[in-house]
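Trainee: Please read through the structure below; I'll follow up with questions.
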Amino acid sequence: MDLKIDRRTVSRTIGRITAAVLLPALLTACAHPAATSPTSSPPPSGARPAPSSPPILRSQLAALVADSGVDLQIVVAGTGSTATSVGKVDQDTAWSTIKVPIAIAAMTTGSPDPDDVEQAISVSDNDATMHLWSLLGEGTGAADTVQKVISRLGDSRTVVLPDDDAGPDQPFGMTRWRATDQLRFTEGLACATDAASVRVRGHMARIDPSEQFGLAGIHPSMVKGGWGIEDDGDYTIRQMAVLPHGGGYSAVVFIAQGPQGDVDRTVATLRTWFTAHRDPLPLRRAPGCRVGANWGGGGAPSGAPPLDRRSQLPLDNRRAASTIRSSGAVSPILTWSLCPST
């Protein structure tokens, strides 16, 4: 096209128009939750609650949000059909978390380079992800294929933005992915049995040391993060995670936004808190779900040299992120193995 259009603005506009059209039918589910209101989140297929698991105290999560000094939303799966959601954010850009369903879609529909799948997840490499995306079709084809994966794994509301004009700013990363919806997807992914999901889970369980910030610094864990700079200048970090413990697992999603230093400190605090409070978290079990054993393999992180986190940004954000630095939110290299099968 000859017109010079800000594709990020167009992408966001598409997402907002879509949300406005769907809002009347989804008002209760789509509204940002108040800091004291639970939101519904269906359990993965076949899941059953663990009655002995103590519920997480909402007041503790509320205290984390209040003390953070940033916009923060934390969503934790309950032991039944509900989730605890505390806090809210104004922007729910998917960023690199969308690479998980992209990788699954590529493996489901074709024969991608295994290295691209690993790099897209373990180091969040943009070029590898674009290779996977290119296998999914043109126009809206790729977006529709990825959306089907997201829907199959439990989130039927998220609308994946299409890439109809190839460029440096991948519009799929601009997809709006609400924390509560992403939690549904995360729960579905935790025990999915198809080969593509198992393989991608394995990579999420072996995140490169350069990406082991936040919940990815908790071992064992299955995590994919995303981060970037929003249109208004806010710095965002978000993660979806499955934390195995007690013969089951807990699912957690968070989004933190604000000044970079404050967000980094908040993410480091969340890692510390969830490390200390993992066992009391609501515990989920599903028949046949052997958390750890069927994640696609275990072992230590690859040990590859750390990468500059700027390389994972969309290109038009790299200059804006030129001062991004290593921080306390990035964990040291840890050797670990997945939890025993249950």
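Bear in mind that the values in this text are calculations on the coordinates, not laboratory data. None of the values given here were measured: they were computed from a predicted structure. Please note: Cβ atoms are built from the backbone with ideal geometry, for glycine as well, and neighbour counts cover all protein chains shown.
Trainee: Would you kindly state how much longer the chain becomes between T82 and D231 on full extension, computed as 0.36 nm times their sequence separation minus their alpha carbon distance, in nm to one decimal?
Mentor: Computed gain between T82 and D231 is 50.4 nm.
Trainee: Convert each backbone phi in region 67-74 into a coupling constant with the Karplus relation 6.51 cos²θ - 1.76 cosθ + 1.60 (shift: θ = phi - 60°), then list the ³J(HN,Hα) values in order as whole Hz, x for Gly and Pro.
Mentor: Using θ = phi - 60°, the values come out as 7, 6, x, 10, 6, 9, 10, 10 Hz.
Trainee: If you don't mind, another one. Can you pull the one-decimal nm distance between simple spin-label points at D113 and S59, each 7 Å off the Cα toward Cβ?
Mentor: Taking the two extended label points, one gets 5.5 nm.
Trainee: Another question, if that's okay. Taking 22 Å as R0, compute the FRET efficiency from the Cβ-Cβ separation of S156 and T193 and round it to 0.05.
Mentor: It comes out at approximately 0.65.
Trainee: For A276 and E138 in one chain, what is 0.36 nm times their gap in residues minus the Cα-Cα distance, to one decimal in nm?
Mentor: Stretched fully, the A276-E138 segment lengthens by 45.1 nm.
Trainee: Dipole of region 180-286 (Lys/Arg Cβ +1, Asp/Glu Cβ -1, origin at the Cα centre): which of A205, L215, P259 lies farthest to the positive side?
Mentor: A205
Trainee: Which whole-Hz ³J(HN,Hα) couplings does region 87-100 yield from phi under the Karplus relation 6.51 cos²θ - 1.76 cosθ + 1.60, θ = phi - 60°, glycine and proline marked x?
Mentor: Residue by residue, region 87-100 yields x, 7, 10, 7, 10, 10, 4, 5, 6, 7, 5, 5, 5, 5 Hz.
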